[in-house]
Amino acid sequence: MRPTREEMEAAFDARFPKEFHQAVASARVAVAGLGGLGSHIAVMLARSGVGHLFLVDFDRVEITNLNRQAYGISHLGQPKTQALTALLREIQPYLEIQTWNGMVTEENAAELFGGYPIVCEAFDRPENKAMLVNTLLCQCPDTVIVSGNGMAGYGDANEIHTRKIMDRLYVCGDGKTDVGRGMGLMAPRVAVCAGMQANQVLRLIAAQAGIKED
Amino acid sequence: MVTINGEQVNAAGKTVAEYLEEAGYKTAYVAVERNREIVPRATYGEVLLEDGDVVEIVRFVGGG
């Protein structure tokens, strides 16, 4: 039986202060790209009690995604926006989810993401990552970006870290491991990077709500 | 001297585009901040680096 909204809310870890729970529940976060990074970021934010997620991707779930993305066999062929919505509903049925199925471009990025105080950049290709970061930093003065950059292979995962690079740009990753030339993506380092991005989002939510970290 | 990603570089007088090319960056893969302001990509060819500037260049790699 599906738990009630009240039961789900009561299950939030009561050891955290109430203000933190409220800040997370009223937070609105956008995730741009629902691959290995974005699918896991969304799952972690849903588990953390984030109240509203905006999920953006143009692609469908393929068998080659299963090595590192949050999807399963039952999602094959579905648009990632739809598959991830179904997955998140299994975790947090009362989460507000908005989706947009399409290609993000320099022309539409500001309109899509400008209303979000926090955007996770979770694209795959470097030119798309750079395009989104440049466009949002130039055109969306109220948006903070948490970007994933460098998580390929199976090298030392301790090289993946979070850095505040600009006032409104945090970058998680090792900054160097690129896909191609014998280097692919594997679940552990991708999930480490996604976890860092999701954690940085929680820190930003707390900071934006004026809650100090201990 | 210009501080670029924390290092002192003799790049004063060059445009952002010139520096990026010399240093081997692809403009399509980077974001550039100069003195805490994002440099719009359309202006890379015009913005001149000056003595004392503090520049951050993020180079994006593939994977996600």
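The values are calculated or read from the model by the stated rules, or taken from the named source; none is laboratory data. Keep in mind the model is a prediction, meaning the values are calculated, not measured. Reconstructed Cβ throughout: ideal geometry from the backbone, glycine too, with neighbour counts over all protein chains shown. Accessible surface areas use protein heavy atoms only, side chains included; no ligands, DNA or RNA. Shrake-Rupley method; radii C 1.70, N 1.55, O 1.52, S 1.80 Å.
Points to keep in mind about this one:
- When restricted to residues that are within 14 Å of chain B (Cβ to nearest Cβ), farther than 21 Å from A:Ala42 by Cβ and not small (Gly, Ala, Ser), the stretch A:182-214 contains 1.
- Positions within the stretch A:167-181 being touching a Lys or Arg at 6+ places or on another chain (Cβ under 7 Å), over 13 Å from A:Lys129 (Cβ atoms) and facing another protein chain (nearest Cβ under 8 Å), in sequence order: A:Asp167
- All positions within the stretch A:69-99 that are farther than 25 Å from A:Leu185 by Cα and among the aromatic types (Phe, Trp, Tyr): A:Tyr94
- Residue pairs whose Cβ atoms lie under 7 Å apart, sitting 6 or more positions apart in sequence or on different chains, and linking a residue in the stretch A:86-111 that is over 30 Å from A:Pro3 (Cα atoms) to a partner that is crowded, with 17+ Cβ neighbours inside 10 Å and of a type in the set (S, T, N, Q), are A:Glu106/A:Thr135; A:Ala109/A:Thr135; A:Ala110/A:Thr135.
- Within the stretch A:196-213, the residues that satisfy the criterion of being open to solvent by 20 Å² or more (accessible area, probe 1.4 Å) and touching a residue at least 24 places away in the same chain (Cβ under 8 Å) are A:Met196, A:Asn199, A:Leu202, A:Gln208, A:Ala209, A:Ile211.
- Whichever residue in the stretch A:147-166 is crowded, with 21+ Cβ neighbours inside 10 Å and more than 7 Å from chain B (Cβ to nearest Cβ) and, among such residues, is farthest from the chain's Cα centre (by Cα): A:Ile160
- Hits in the stretch A:115-140 - residues which are closer than 19 Å to A:Phe58 by Cα and either in contact with a Cys (Cβ under 8 Å, 6 or more places away or on another chain) or of a type in the set (Val, Ile, Thr) (or both): A:Val119, A:Val133, A:Thr135
- Tally of residues being outside any helix (DSSP H, G or I), closer than 18 Å to B:Thr27 by Cα and within 12 Å of chain B (Cβ to nearest Cβ) across the stretch A:105-146: 4
- If the condition is being within 14 Å of chain B (Cβ to nearest Cβ) and more than 16 Å from A:Gln200 (Cα to Cα), then the stretch A:7-38 contributes A:Gly33, A:Leu34, A:Gly35, A:Gly36.
- Residues of the stretch A:2-27 satisfying the condition of being out of contact with any Gly (no Cβ under 9 Å at 6 or more places or on another chain), more than 16 Å from A:Ile91 (Cβ to Cβ) and assigned to a loop (DSSP other than H, G, I, E, B): A:Ala14, A:Arg15, A:Phe16, A:Pro17
- Exactly one residue among A:Ala46, A:Ala83, A:Ala70 is part of a helix (DSSP H, G or I), closer than 15 Å to A:Gly33 by Cα and in contact with a helix residue (DSSP H, G or I) (Cβ under 7 Å, 6 or more places away or on another chain), and that residue is A:Ala83.
- Test set (1) more than 28 Å from A:Pro17 (Cβ to Cβ); (2) touching a residue at least 40 places away in the same chain (Cβ under 8 Å); (3) touching a Lys or Arg at 6+ places or on another chain (Cβ under 8 Å) - A:Asn149 fails condition number: (2)
- Residue list for the stretch A:182-214, filter: within 20 Å of A:Ala130 (Cβ to Cβ) and assigned to a loop (DSSP other than H, G, I, E, B): A:Leu185
- Candidates are the residues of the stretch B:4-45 that are charged (D, E, K, R) and within 13 Å of chain A (Cβ to nearest Cβ); the one that is most open to solvent (accessible area, probe 1.4 Å) is B:Arg36.
- Residue in the stretch A:147-181 that is nearest to A:Ala70 (Cα to Cα), counting only those that are polar (S, T, N, Q) and part of a loop (DSSP other than H, G, I, E, B): A:Asn149
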